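Here the structure is laid out as structure tokens; the discussion comes afterwards.
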Amino acid sequence: MDFNYSDALTHLMGHVIKLHRQSVDLLIQEHDVYPGQPPLLLRLAEQDGQSQKELANKLQVTPATLTVMVNRMQRTGLVIRKPDPVDQRVSRVFLTAKGHQAIDAVKEALQRIECKCLENFSLEEKLLFRRLLWQMHENLQAFKRENT
């Protein structure tokens, strides 16, 4: 079978993800939230005051990358760093009032874009699509486990 990249799943999924991210970024830019920052905000919304190491692990980025993200978000007033009360070597990241407002904007943008993405889908198609994506996710997780 000849591989045609323009028809490949990776090509189409890449374009969809890129358009999705650009659309979300467009809706949240007025809140000083920049590309790549929504996942960090959402992790802090789940549990505020996580250490930078915990956040880097959860976001699957290097500690250095996370430091750059936190520095930028601190400059725009979305987060603050505080030393851990038990271990002063550990820095914890907390949302500010502006950060909490930004989370609301991020969640609203994600919901709006998700609705747009699934606009002409029937309920059954939406459910099937989610199930198929989850199955792909599980298949790729298994592949990763088998090959590492």
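For region 32-148, with all protein chains in place and a probe radius of 1.4 Å, 56% of the accessible heavy-atom surface sits on carbon or sulfur. Rounded to the nearest 500, the 222 nm mean residue ellipticity of the chain from helices alone is -21000 deg cm²/dmol, with -39,500 (n - 2.57) taken per DSSP H run of at least 4 residues.
Along the Cα→Cβ direction, 7 angstrom out, place labels at Cys115 and Leu27. What is the inter-label distance in nm? Label at Cys115, label at Leu27, 0.8 nm between them.
What separates the Cα centres of region 85-130 and region 16-81 is a distance of 11 Å.
Coupling constants for region 76-88 follow from the phi torsions by the Karplus curve (6.51 cos²θ - 1.76 cosθ + 1.60, θ = phi - 60°), and in residue order they are 8, x, 7, 9, 10, 9, 9, x, 5, x, 9, 10, 5 Hz; glycine and proline get x. The HN-Hα couplings worked out from phi for region 7-16 by the Karplus form 6.51 cos²θ - 1.76 cosθ + 1.60 (θ = phi - 60°) are 9, 6, 4, 4, 5, 5, 4, x, 5, 4 Hz, whole numbers, x standing for Gly and Pro. Here's the picture: a label point sits 7 Å out from the Cα of His15 along the beta-carbon direction, and within region 110-144 the residues with their amide nitrogen under 19 Å of it are 116-121.
Note on Lys58/Leu123: beta-carbon distance plugged into 1/(1 + (r/R0)^6) with R0 of 35 Å gives a FRET efficiency of 0.65.
Along the chain, counting only chymotrypsin sites (Phe, Trp or Tyr not before Pro) with a DSSP assignment other than H, G, I, E or B and at most 16 other Cβ atoms inside a 10 Å radius, the longest segment between sites is 4-120.
Listed by chain and number, the lysines placed with their C-alpha closer than 24 angstrom to that of Lys58 are Lys18, Lys82, Lys98, Lys107, Lys144; residues fewer than eight positions away on the same chain are left out.
With protein chains left intact and a 1.4 Å probe, residues in region 12-79 average 59 Å² of accessible area per residue. Considering only alpha-carbon pairs that sit under 8 angstrom and 6 or more positions apart, the relative contact order computed for region 45-148 is 22 percent.
Derived scalar couplings between HN and Hα for region 89-102 equal 6, 8, 9, 10, 10, 10, 6, 8, 4, 5, x, 5, 5, 5 Hz in order, rounded to whole Hz, by the Karplus curve 6.51 cos²θ - 1.76 cosθ + 1.60 (θ = phi - 60°), x for Gly and Pro. Coordinate range of the alpha-carbon atoms in the chain per principal axis, descending: 58, 39, 26 Å. Of the residues Met69, Met13, Met136, the one that moves most in a GNM of the chain with alpha-carbon contacts below 10 Å is Met136.
Were the residues from Gln141 through Ser51 laid out at 0.36 nm apart, the gain over their Cα-Cα distance would be 29.8 nm. Taking a ≥ b ≥ c as the square roots of the eigenvalues of the alpha carbon gyration tensor, region 90-148 is oblate, as a/c is not under 1.5 and a/b does not beat b/c.
The values are calculated or read from the model by the stated rules, or taken from the named source; none is laboratory data. Computed from a prediction, not measured in an experiment: that's the story for all the values here. Note that each Cβ is placed from the backbone with ideal geometry, even for glycine, and that neighbours are counted across all protein chains shown. Heads up: the accessible areas ignore ligands, DNA and RNA and are worked out on the full protein's heavy atoms, side chains in. Shrake-Rupley method; radii C 1.70, N 1.55, O 1.52, S 1.80 Å.
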